[in-house]
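The values are calculated or read from the model by the stated rules, or taken from the named source; none is laboratory data. All of these numbers come straight from a predicted model, not from anything done at the bench. Don't worry about glycine lacking a Cβ; one is built from the backbone with ideal geometry, like all the others, and counts go over all protein chains shown. Note: areas computed on protein heavy atoms with side chains; ligands, DNA, RNA excluded. Shrake-Rupley method; radii C 1.70, N 1.55, O 1.52, S 1.80 Å.
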Amino acid sequence: MNNKILNIKNLSKSYGAFKVTDEIAIDLNFNEIHALIGPNGAGKSTLIKQIVGSVRHDIGSIILDQENITDLSDVERAKIGISRTFQVSSIIPSFSALENIILSLLNGSNKTFQFFKNIKNNKDLDFKAKNILKEIELIDKSEIVASQLSHGDRRKLEVGLALATNPKVFLFDEPMAGLDENGTKIMINLFKKIKLNTPILLIEHDMDAVFALADRVSVINYGRIVATGTVDQIKSNELVRDVYLGYEI
């Protein structure tokens with residue numbers, strides 16, 4: 001049985017003579033959090049952009065749920081189940097948390113904003129949206145305008161917006177950025193629940209969060225994967241310590 005939901009082989013991108021990603025091979029299993037770590041400029045964000053389709057590859061292949069999506073556009077990839085969060089906020093600040101989730105549930109439908117008042121009375125949408133708010137622990141703040149939510153709660157709402165699109169995989173880019181210790185703990189617990197239904201490829205600089213969450217960790221440096229393994233294997237890998245220039249992991 002194939003346990004891989006996402007399988008990337010030999011993915012490369014160059015700008016002139018500079019290779020940003022160099023024959024990257026990485027995969028994501030069902031029910032897994034696979035963390036991607038590495039120094040600034042190592043190629044992490046470019047890899048994520050290649051997976052979602054906003055940066056075109058030079059060579060390589062991307063397989064999602066046994067379907068070759070290598071040549072699909074970013075819009076097409078989003079429609080079939082790739083969800084990327086925390087790069088550009090899709091929250092509407094003047095709408096409540098509930099309204100934001102409802103709009104995300106409507107993503108791809110023929111409904112328009114001018115009919116939003118009627119949509120809010122849709123019991124099925126309301127039920128689904130409130131279930132998502134319960135999952136992200138924001139149900140008690142469902143009627144609060146998004147601009148008045150704390151930074152941590154807005155992060156959770158971003159996760160909720162992504163959940164509403166029913167993705168096959170999540171790509172999270174530094175979701176812990178700007179969170180205090182308590183906010184990070186809340187997000188860690190949330191991600192542990194989410195992965196049971198939707199696997200996660202995670203870019204994160206908070207090593208405590210990475211080691212608390214990841215089932216596997218891959219280290220990228222100068223555009224290449226230099227190590228992949230469990231948390232314990234990565235912690236004891238001397239090459240990884242060299243990549244992080246003595247960072248005590």
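Remarks
- Here Rg and Dmax of the Cα atoms in Å was computed from the coordinates, and among (i) 17.9, 51; (ii) 17.9, 57; (iii) 18.7, 60 the match is (iii).
- Taken along the Cα-to-beta-carbon direction at a fixed 7 Å, the label points for Val145 and Asp124 span 3.2 nm.
- Highest mean packing comes first when the peptides 156-162, 188-194, 132-138, 73-79 are listed by Cβ atoms within 10 Å, giving 156-162, 132-138, 188-194, 73-79.
- Share, in percent, of DSSP beta bridges within the chain that are antiparallel, nearest 5: 55
- Qualifying lysines (Cα of each under 26 Å from Cα of Lys130; at least 8 residues distant if same chain): Lys79, Lys111, Lys117, Lys120, Lys141, Lys156, Lys168, Lys185, Lys192, Lys193, Lys195
- Calculated SAXS-style log₁₀ I(q)/I(0) at q = 0.17, 0.21, 0.25 Å⁻¹ - the range 158-249, Debye, Cα scatterers: -0.79, -1.11, -1.37
- Contact order normalised by residue count of the chain, Cα under 8 Å, 6+ apart, percent: 28
- Here the chain has 48 percent of its accessible surface on carbon and sulfur atoms, given a 1.4 Å probe and all protein chains in place.
- Debye intensity ratio I(q)/I(0), log10, the range 29-84, q values 0.15 Å⁻¹ (C-alpha model): -0.47
- Ordering Val159, Ala209, Ile234 by Cα displacement along the dipole of the range 158-249 toward the positive end leaves Val159 in first place; charges were set at the Cβ atoms of Lys, Arg (+1) and Asp, Glu (-1).
- When the charge dipole of the range 35-87 is built from unit charges on Cβ atoms (+1 for Lys and Arg, -1 for Asp and Glu) and taken about the Cα centre, the candidate among Ala78, Ser61, Gly41 whose Cα reaches farthest toward its positive end is Gly41.
- Accessible area in square angstrom per residue, the range 1-96, 1.4 angstrom probe: 48
- Inter-site label distance for Phe95 and Val55 at 7 Å from Cα along Cβ, in nm: 3.0
- Surface exposure of the range 135-181, expressed per residue as accessible area with a 1.4 Å probe, stands at 42 Å².
- Shape index of the range 143-196: Rg/Rh, with Rg the Cα radius of gyration and Rh the Kirkwood radius from the inverse mean 1/r over Cα pairs, equals 0.96.
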